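*Asks:* There's a structure below that I have some questions on.
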Amino acid sequence: MNTALKIEHEELELFRQMLLRALEREVAPYYEQWERDGICPRALWNTLGEGGLLCVDAPQAYGGCEVPFEYSVMLVSEMARLGYGALATNLMVHSDIVAPYIAHLGSDAQKERWLPGMVSGEVVGAIAMTEPGAGSDLAALRTTAIADGDEFILNGSKTFITNGQHADLVIVAAKTDPSAGAKGVSLFLVDTALPGFSRGRNLEKIGQHCGDTSELFFDNLRVPASALLGEPGQGFVYLMQELPRERLVIGAMAVEAARGALDMTIRYADERRLFGQKLKALQNTRFRVAEMETDYRINRAFIDQCIGAYVSGELDAASASMAKYSATEMQYRVADGCLQLFGGYGYTSEYPISRAFVDARVQRIYGGTSEVMKEVIARSVLGRD
């Protein structure tokens, strides 16, 4: 390792140790209660912002640390490894989706208005694409934003929106030209304090309980033309440009969540006795752990390769889809295999492996389902039918 790379690695490790101390102090004592409550407290965002843990790669001009991308992806990956899957997802949406959209597409005025608050935690960000009748098929969106003088009037609803209960800012995908299909989609920065915005219920889920996931409603909500993010009609293009980062980060979270599940299973196999010997001495345990460790390491290597490609501006949509698809499917296999080794204890909420299992399930859905990922990959290899 040359000197420059060694220094970079040491600095990243220092940041990781600082993060772990902060999580031990601010999250670990309370996470189980948040899971029971079904939501994290709003004040947590301010705490994380004060600790410099939000939007860490945002430009310094807007309050960010402007550190390399590896810091941001490591932050949410470590949360996933420690079993804080819901919190990792909340932060991923805020820091690795919403903030980059604004940083890459926003005007100077939009950046100045929103990014400093997102860094400090005063503003919580969400992105609203999915609708009750339109998930992966963005061309089927029914939410509209109709121009009216120097304003747009938004009408429609969204569902499964991460951070929806706490969001102060929502990037909304809406049809500015309902007759143009995907080419009629535009993006808007919506202040949730505006009249016409309302939140539905905090949806109950089988996993990631403390990650609020909400319905959002827009009823003749007026936004100024200055709320348009980028150019009108380019929303679908912008979504395609930004999705690779989202999918890569989900993949990175998946591999480290698998690492966490494996680590707790390895410890359990050393402590648990069965048939007069340690669980780790049984051939089935040894073979299953060997299979899962190999599965993890192969995916870890590919994720690292994709992170390098993203940093150098060379990550393509197909590779990001491969990363998301392969890593999340692996996470679920590993979580399932680890839970099996815990036996009946694994099915009780008393053992964290049960949360690792239920939290893993949604990773194969949000950010693009595994089936959509396979279609994106197939198109890159075979072309369109």
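*Asks:* Search the range 56-76 for residues being of a type in the set (Gly, Ala, Ser) and part of a helix (DSSP H, G or I), and hand back the single one that is surrounded by the most Cβ atoms within 10 Å (Cβ to Cβ).
*Replies:* Selected residue: 72.
*Asks:* Please specify each residue of the range 78-121 satisfying the condition of being closer than 16 Å to residue 64 by Cα and within 12 Å of the chain's Cα centre (by Cα).
*Replies:* 91, 92, 94, 95, 96, 97, 98
*Asks:* Also, I was wondering about something else. Residues that are closer than 11 Å to residue 144 by Cα, touching a strand residue (DSSP E or B) at 6+ places or on another chain (Cβ under 9 Å) and at pLDDT 95 or above: does the range 202-219 have at least one? It would help to see each step written out before you state the result.
*Replies:* Here is the first cut: in the range 202-219, the residues closer than 11 Å to residue 144 by Cα are 218-219.
From the residues that got through so far, the ones that are touching a strand residue (DSSP E or B) at 6+ places or on another chain (Cβ under 9 Å) too are 218-219.
Imposing the further condition that a residue be at pLDDT 95 or above reduces the set to 218-219.
Scanning the range 202-219 turns up at least one residue that is closer than 11 Å to residue 144 by Cα, touching a strand residue (DSSP E or B) at 6+ places or on another chain (Cβ under 9 Å) and at pLDDT 95 or above.
*Asks:* Okay, next question. State which residue pairs qualify: first residue within 17 Å of residue 340 (Cβ to Cβ) and in a helix (DSSP H, G or I) and inside the range 268-280, second residue modelled with pLDDT under 95 and aliphatic (A, V, I, L, M) in any location, beta carbons under 6 Å apart, and separation of 6 or more residues or different chains.
*Replies:* Listed pairs, sorted by first residue: 269/279.
*Asks:* Let me ask you something else. Mind checking which residues of the range 40-66 are aliphatic (A, V, I, L, M), in contact with a helix residue (DSSP H, G or I) (Cβ under 6 Å, 6 or more places away or on another chain) and farther than 18 Å from residue 84 by Cα?
*Replies:* Let us first name the residues in the range 40-66 that are aliphatic (A, V, I, L, M), namely 43-44, 48, 53-54, 56, 58, 61.
Narrowing the set further to residues that are in contact with a helix residue (DSSP H, G or I) (Cβ under 6 Å, 6 or more places away or on another chain) leaves 54, 56, 58.
If the condition is that a residue be aliphatic (A, V, I, L, M), in contact with a helix residue (DSSP H, G or I) (Cβ under 6 Å, 6 or more places away or on another chain) and farther than 18 Å from residue 84 by Cα, then 56, 58 are the ones that fit.
*Asks:* Could you list, in sequence order, all residues of the range 173-183 that are touching a helix residue (DSSP H, G or I) at 6+ places or on another chain (Cβ under 9 Å) and either in a strand (DSSP E or B) or aliphatic (A, V, I, L, M) (or both)? Let's see the steps before the verdict.
*Replies:* Start the filter on the range 173-183 by keeping residues that are touching a helix residue (DSSP H, G or I) at 6+ places or on another chain (Cβ under 9 Å), which leaves 173-178, 181-183.
Within the range 173-183, 173, 174, 175, 182 qualify.
*Asks:* Would you pick out the residues in the range 119-154 that are in a helix (DSSP H, G or I) and farther than 23 Å from residue 240 by Cβ? Break it down stepwise before answering.
*Replies:* Step one: of the range 119-154, the residues in a helix (DSSP H, G or I) are 119-120, 138-140.
Passing the criteria: 119, 120.
*Asks:* Please work out if residue 29 is within 30 Å of residue 206 (Cβ to Cβ), more than 22 Å from the chain's Cα centre (by Cα), outside any helix (DSSP H, G or I) and of a type outside the set (A, V, I, L, M). Please lay out each step first, then the result.
*Replies:* Details: within 30 Å of residue 206 (Cβ to Cβ): yes; more than 22 Å from the chain's Cα centre (by Cα): yes; outside any helix (DSSP H, G or I): yes; of a type outside the set (A, V, I, L, M): yes.
Yes.
*Asks:* To continue, here is another question. Name the residues in the range 207-244 that are surrounded by fewer than 20 Cβ atoms within 10 Å (Cβ to Cβ), of a type in the set (A, V, I, L, M, F, W, C) and not in a helix (DSSP H, G or I), would you?
*Replies:* Listed by number, the list holds a single entry, 217.
*Asks:* Another question, if that's okay. Tell me the residue from 18, 79, 92 that is surrounded by fewer than 21 Cβ atoms within 10 Å (Cβ to Cβ), assigned to a helix (DSSP H, G or I) and not assigned by TED's automatic domain parsing to the domain that holds residue 259, please. Write out each step before concluding.
*Replies:* Details: 79 fails: surrounded by fewer than 21 Cβ atoms within 10 Å (Cβ to Cβ); 92 fails: surrounded by fewer than 21 Cβ atoms within 10 Å (Cβ to Cβ).
The match here is 18.
*Asks:* Let me ask you something else. Evaluate the following for residue 249: is it outside the structural domain of residue 31 (by TED's automatic domain parsing), touching a residue at least 40 places away in the same chain (Cβ under 8 Å), β-branched (Val, Ile, Thr) and within 30 Å of residue 349 (Cβ to Cβ)? So that I can check it myself, show each step before the final result.
*Replies:* Details: outside the structural domain of residue 31 (by TED's automatic domain parsing): yes; touching a residue at least 40 places away in the same chain (Cβ under 8 Å): yes; β-branched (Val, Ile, Thr): yes; within 30 Å of residue 349 (Cβ to Cβ): yes.
Against the criterion (outside the structural domain of residue 31 (by TED's automatic domain parsing), touching a residue at least 40 places away in the same chain (Cβ under 8 Å), β-branched (Val, Ile, Thr) and within 30 Å of residue 349 (Cβ to Cβ)), residue 249 qualifies.
*Asks:* Something else now. For residue 179, indicate whether it is without any contact (Cβ under 8 Å) to a residue 12 or more places away in the chain and farther than 30 Å from residue 79 by Cα. Outline the logic, then answer.
*Replies:* On the way: without any contact (Cβ under 8 Å) to a residue 12 or more places away in the chain: yes; farther than 30 Å from residue 79 by Cα: yes.
Against the criterion (without any contact (Cβ under 8 Å) to a residue 12 or more places away in the chain and farther than 30 Å from residue 79 by Cα), residue 179 qualifies.
The values are calculated or read from the model by the stated rules, or taken from the named source; none is laboratory data. None of the values given here were measured: they were computed from a predicted structure. Methodologically, a virtual Cβ is constructed for each residue, glycine included, from the backbone with ideal geometry; neighbour enumeration extends over all protein chains shown.
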